[in-house]
Structures are given as structure tokens and as C-alpha cells.
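Working notes, beginning with the structure itself.
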Amino acid sequence: MDHEQAHHHLAATDPRIAALIAQSTPYNIKPALSIRPFDALAESIAYQQLSGKAAATIFGRVRALFPRRKYLNPREILATPDESFRAAGLSRSKIAALKDLAAKTIDGTVPSGRAIVRMTDEEIIARLITVRGIGRWTVEMLLLFDLGRPDVWPVDDYGVRKGFAKSFGRRRLPTPKQLMKFGEKWRPYRSIAAWYFWRALDVPEKTTRFD
């Protein structure tokens, strides 16, 4: 993806977007050279509804259950007693999600890293949301941050909605449906637009208000 072209396209749609881009940390996401969907999603499950520090501690304990493994192994996950995962700090619902992820990786529902890069965004979403505990938002974050897909538009993300409202001087957050409509003008670079709405929350309030 040509970042310069993406920025030019977005900036041309509205002066407020142009100003936001100019005063924010530049979009710098690049596709991972290699990705293991099973490991990435296992980590996402561990992090759900927890602060980053707490989740990192718990996921570290989960990884420590398999000290000789650089990567998690789905078959070993299935063979590990729930009590071991509970001792590491995972809730029962997360254990069930992790084991369903392992089973669906083994049966091919969750694609390999080599296969996933050849799939469309919607094909990936359709596959992965069949896993217990994995919703569309989680898959969108995988698409955006791990695969570096340029046109992901996470309309359910609170940060994107809040950043949009702040950038455009709106008192109310847009609904996902409204944000989906607004996002049409930013195709095929909606991932970059999302990035800047997240960054808008880091910009001092006075610099993102326009008359």
C-alpha cells in the first residue's frame, strides 16, 4: 500500500481530516512478515475484558505451561486440563474459547498463516467468528494490525467512534450504522482513517475543533 497516496486521498475528503493527519503520529502499520492466526487469536482471547498489564501476566502464565514451545500448539491446548489454565488465571469462558479455537484450528476452520494472506477480509471474518469468544471486532483488529489490510472499518470500536465525534465537533457519538455511511468516502483506506480517529484522542482538544 502506498501510504502517501492514502494520506492524500483522505486529506482531500475534508480539511478536518487533513488537519488531523498533519498533527498526529503518522500511520505506520505494516503487514507482519509471518502470522500464526492461532497464536494471535489465543492472545486476543486472553486479553478480552482485562487491562493490558493483567492480561499480559495471565497470557505469560499460559505460555509458561509449555516451556519448550516457541508457539502454542492446538493439540497440546486440547490435552491440557482446564484446571491448569484456571491456575494460570483464565476464566472458564476463556478456557472454553481457547479450546474451541484449538479444535477449529485442527479441523481447518481457522486458516494457517500461509492460507490467510490469500483470503479476502470478509472470508476471514466469516471463518473466524465461528470460533467461540471471537467476534467481528476481534477479527477486524487482526486484519488491521497483524495483516495490515488497508480497508478495515471497525464501526463498533468505541475509540474510532469517539475520535470521529471529536474530530468533527459532534457532541454525540455516531452509531455504527452512521459511521458505516460516513466511511464510504474513505474507501479503500478506511484502516488509515480508523488509525487517525484513534490518534485524535491523543490530540489536545482545542486543536481538533473547527468553526
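Every read-out reported here was derived from the displayed coordinates using simple, explicitly stated rules and does not represent laboratory data. Since we're looking at a predicted model, the values are computed, not measured. Here the Cβ is made from the backbone with ideal geometry for all residues, glycine too, and neighbour counts use every protein chain on show.
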If you stretched the chain out fully between Arg170 and Ala96, how much longer would it get, using 0.36 nm times the residue separation minus the C-alpha to C-alpha distance? 22.6 nm
Mean Cβ neighbour count within 10 Å, used as a protection proxy, ranking 34-42, 146-154, 10-18 highest first: 146-154, 34-42, 10-18
Unit charges on C-beta of K, R, D, E only; dipole of the chain, Debye: 460 debye
Peptides 128-139, 44-55 ordered by average Cβ neighbours within 10 Å, highest first: 128-139, 44-55
Enumerate the calculated ³J(HN,Hα) couplings along region 48-58 in order (Karplus 6.51 cos²θ - 1.76 cosθ + 1.60, θ = phi - 60°), each rounded to whole Hz, writing x wherever the residue is Gly or Pro. 4, 6, 10, 5, x, 5, 5, 5, 4, 5, 5
Can you compute the radius of gyration and Dmax for region 130-200, using only the Cα atoms, both in Å? 12.1, 38
Relative pair counts by distance (%), Cα atoms of region 1-110, 10 Å bins: 12, 34, 19, 17, 15, 2
Starting from the Cα-Cα distance between Ala54 and Thr13, subtract it from 0.36 nm times their residue separation and give me the gain in nm to one decimal. 10.7 nm
